[in-house]
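A short worksheet on the structure shown next.
Throughout, read-outs are computed from the coordinates displayed, never taken from laboratory work. Bear in mind that the values here come from a model prediction, so they are computed numbers and not experimental data. Neighbour counts are summed over all protein chains in view; Cβ atoms, including those assigned to glycine, are modelled from backbone coordinates with ideal geometry.
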Amino acid sequence: MTINSFQEEIDKAHFDPHSPIPLYHQVYLFLRKMIVSGILKPGEMMPPEMLLVDSLQVGRQTIRQALSTLVTEGLVERFSGKGTFVRDSQPKRDFYLDRSFSQEMAELGRKTHSKVLLQELGFVDESAPESLHKKLGAPCLFLTRLRYGDGMPIGYQQAIVLTEYCPGLEKFDFANDSLYRILSEMFKLEISEIYHIVNAVNATKELARLLNVEIGSPILLENSVTFLANSDPIEATSSYFRADQHRYSARIKYMGSKKSG
């Protein structure tokens with residue numbers, strides 16, 4: 001642990017008991033930032049609870065809840081009689097059905113880039129997908145992109161990304177980088193599940209213009225919600241893909257069935 005750096009961050013920290021964000025969650029986000037930034041390094045012991053209570057000027061129960069959240073997320077682990085330690089980085093998980101657009105294009109040998117149509121901060125409201133309604137009022141990033149493969153428009157994506165776990169996300173270059181890569185590698189977020197619903201729709205006049213297809217052409221509409229290891233949603237996206245350029249496939253493991261009687 002870099003003591004001076006940690007103390008500098010403590011001196012700058014501010015926790016608002018009147019904020020709609022619970023106090024323990026504010027402390028959790030602070031400690032998480034210390035881990036992600038490398039001030040608290042893998043294998044190092046976290047400061048003792050009472051030291052955190054005195055330094056951060058919050059109650060012991062608040063500290064315990066914040067540490068429990070870090071344990072649930074897999075960033076720290078507790079050892080009876082020894083203390084709480086920052087965990088080593090976990091290996092990245094591979095997704096097949098849930099691969100990112102950038103990964104899919106790379107696997108097909110196609111060069112990809114995006115045109116950012118909207119990238120601005122806001123708050124989750126009732127117009128957001130129902131899966132995010134338990135996060136009403138939470139800060140978020142609205143990100144709309146036109147996705148290209150070998151210079152051809154293939155997809156139009158509208159995403160809402162909750163930023164409480166990834167502050168500063170709006171500063172990244174989403175024209176040339178993958179949202180999933182940034183979340184997993186830059187913010188060390190462990191994505192555990194991505195839920196998809198896919199429908200076939202016809203291209204509206206606006207979609208036809210954006211994707212360079214005829215009005216009424218078949219379009220794949222994919223609505224997805226991404227969840228973290230603690231079961232919190234991190235983003236919801238509506239993606240419109242050209243049916244002639246995008247193939248949707250799923251691999252299901254058959255577990256067999258038991259005969260009754």
Expressed in nanometres to one decimal, the distance between label points 7 Å along Cα→Cβ at I197 and D244 is 2.9 nm
Could you line up R181, R60, R147 from fewest to most neighbouring Cβ atoms inside 10 Å?
-> R60, R181, R147
Cross-link partners among aspartates and glutamates for K33, C-alpha distance below 12 Å, same-chain residues fewer than 8 apart left out?
-> E9, E164
Please report how many Lys pairs in region 101-242 have alpha carbons closer than 22 angstrom, counting only residues at least 8 apart along the chain or sitting on separate chains.
-> 4
For every other residue with a beta carbon closer than 14 angstrom to the beta carbon of F172, add +1 if it is Lys or Arg and -1 if Asp or Glu, then tell me the sum.
-> -3
Net length gained if the chain between K171 and M50 were fully extended (0.36 nm per residue, minus Cα distance) | 40.0 nm
